[in-house]
1. Pick from C:78, C:158, C:176: which residue has the top mean-square fluctuation in a GNM of chain C where Cα pairs under 10 Å get a spring?
2. Of all trypsin sites (Lys or Arg not before Pro) in the range C:96-184, which ones are in loop regions per DSSP and have a Cβ with at most 16 other Cβ atoms within 10 Å?
3. Evaluate the charge dipole of the protein assembly as shown about its Cα centre and quote only its size in Debye, nearest 20, assuming +1 on the Cβ of each Lys and Arg and -1 on the Cβ of each Asp and Glu.
4. Using Cβ-Cβ distances only, list the Cys residues of the protein assembly as shown with no partner cysteine under 4.7 Å, sorted by number.
5. What list do you get for C:182, B:50 if you sort them by fewest beta carbons within 10 Å?
6. Two decimals, Cα atoms only, Kirkwood Rh: what is Rg/Rh over the range C:68-144?
7. No solvent, one uniform scatterer per C-alpha: report log10 I(q)/I(0) for the range C:118-244 via the Debye equation at q = 0.14 1/Å, two decimals.
8. Quick check on chain B: helices-only [θ] at 222 nm, where DSSP H runs of length 4 and up contribute -39,500 (n - 2.57) each and the sum goes over total residues. Nearest 500, please.
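Please treat every number below as a calculation from the coordinates, not as lab data. This structure is a prediction, so every number in the text was calculated from the model and none was measured. Heads up, the Cβs are rebuilt from the backbone with ideal geometry, glycines too, and the neighbour counts pull from every protein chain shown.
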Amino acid sequence: MPRLPKLPAPPLPAALQAPPPRPGEGNGKAGPLEQGKQAGITVVDWVDERTSLSGAGRWLLFRKVPKGTNWFYTLGSATMFAFLSQAVTGVFLAMYYRPDPAGGAYESIRHVTNEVFLGQFVRGMHKWGSSVMVILIFLHMGRTFFFGAYKYPRELNWVIGVVLLILTMVMSFTGYLLPFDQRAYWATIVGVNINGTGPLVGPYLSDFLRGGGEFGATTLSRFYAIHMLLIPGLLAALIGFHLYLVAKLGTTAPPWSKAKERPELLEAEV
Amino acid sequence: MSDKHAKHKSKYTADRMIPGAFEGETVTRRRFMTGTAHTAGGIAAAAFALPALGFALGPIFKKTPHTWQTVGPASSFSEDNYVPVVVTLTPGIGEAGTSTAYVRKFNPKIDTDPYDASTPYIAISSRCAHLGCPVRWVDAAERFICPCHGGVYDLLGKRVGGPPVRPLDRFYTRVEGESVQIGPRFSVNSELRRFSPRDPGEPLDGIGQYLYPSRPTERKL
Amino acid sequence: MNQREKEEYLRDYSILKAQGKPFFPYAVAKDGAMACVVMVVIIAMSLVLGAELGPKANPTTTTYVPRPEWYFFFLFEVLRVVKPPSLVPLATIGVPTLGMILLFLLPFYDRSPERRPERRPIATITGIAVIGAMAFLTYSGANAGSPTAIELKTPQTVLNAGGQTLAEYEAGKKVVAQSGCLACHKIGENGNDGPGPQLTNIGARLERQGIARTLVNPTAPMPSFKNLPPKKFNAVVAFLTQLK
């Protein structure tokens, strides 16, 4: 098998690097310790030989970010992080939740809140995480707007961002009903009826959301499925595309930074 | 490559720079294969998407059965004040499928509207006609008041103030022996003309009844 | 942006990018620090504020006052303020849809190459105005009092008077709150501003006799309160007279 070029060695300080073996030492055979050290690198090499992912990783991680980017530029990744936190806490809440309007839903949330170990904490993280995510997504949008970062060539990324904002609001709205307390129920009634005021399609839309003409047995499971499967799937896919475009088009430079010709280029002109 | 393909070299593919075209291919053949790819893909996608969509949309076209439920003896309702009663809108899900209706005996002095002449009892839904919040009957002011966005209705359920777009919905009523029964809900416009039940926020005056059509799930009795 | 401006931007950007630092570890370090801040905030909120669970959903309620989560307060306030029924679909569907479309199409109607906020005054001012409006609506939505309760501080004069005056004031406050006055009148932060006039200072505008007369013989659409028991009626008049 032909030897493939190795990944570049990690930039360890000289003191930590293992000295090269002296000639004649070990008879050219690797000892078990040395083999163990090599195993990790071999596995990475093996995977990379079959996937060529290291190129993509390098393209994503070692791309240059323009000078002058500041803390405002962390709002996007912070939003994504809040989404990840929501996803993880949500998965574990789903393990306890029962979408049963006849009393099971409220009872299961009461059980999580009052009896499950760390239940109130995790539910609190999910509940307040949604507020934090909404704030962060608005701040991120504000930064993009005021810095003019939605202009050429990033128009499509703005459009995807608006879709992500709407999906986040839909997540908030559908998540609302699940605890099935008074606030949840009435907010959902009002929200569904708001959809119903759209001319011509409105009445059918609210029937679709409720799964019938009145709040019924499947309304809660409908909202649960939308909240837990449909929208998170769309969100994750669109976040991936959003990130791909950020990496491809590059992080915007702050609007105030001006491109200066590098001195050596100016000298070359002389 | 001086075999027979050289003679049949298409003048449509190679020189037209169609990506992926190979020598000797004709446009017809290529179009056929392209069409096959699109059609097969479309059929395969439709095969799972359409049933799933129909499954999700099904409840929109399913008619809700009408039921009559007893809400109390005739003696428990008076002519000039409302009594709240609990009605079940969706059976089988306990409290979550219920709602409140305000019931009062027909009073010829107040209910002068011809549409109400045949109704033994007036039953008014507690769902605000603005966006569906629970209205409360305030005896002293003789008003229905919505706590959400400030809708106010009079004794007949007609809008007095605030944003509601039509009067409060009503229920059909009948008397069976000694007890009062409540039937399906219906909506009324500002002249108390009856319509099939609509969702809150959907006006029924003028063009409204056409902009917000009745739905297959909820038809008039 | 025309072709020349596009190429100019791409050229400037490629220079800026070439002078920048690699994403890893420089930007990632910042992002990681921010992620830690986000997590600390979420965990602190969860620990301090907990996960409150309200009373079980009860569709038959006639006393519950529904209020949305804070990030829908702006919409809630719009729905409260838009009174004419003919404008309701505009407030529920029209304005939000229009806002969404304007947001979607932003890069397609704002096509100038300028990116500095101080050199695009229209965009910057519009942005600030929208944020201000949303903040104002959220604030007023959050402070919208229930139309079935009055959260007014008892004035010092009444407190000093004590005895009969104070008792009548408190009783009147309760009757007013329960009698639906707030459906059409605003008292302090509670109630709807219209169709009736504000009652926060009614005592300064009308004499005791005037208030009583209006309650018995009001102008339509206000209902007459002559059927109230005399004790309650007097309490209402006493309470309203004290609103100065």
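1. C:158
2. C:111, C:153
3. 1240 debye
4. By the Cβ distance rule, which asks for a partner under 4.7 Å, the isolated cysteines are C:36, C:181, C:184.
5. Ranked by crowding around the Cβ, least crowded first: B:50, C:182.
6. 1.06
7. Taken in order of the listed q values, log10 I(q)/I(0) reads -0.65.
8. -5500 deg cm²/dmol
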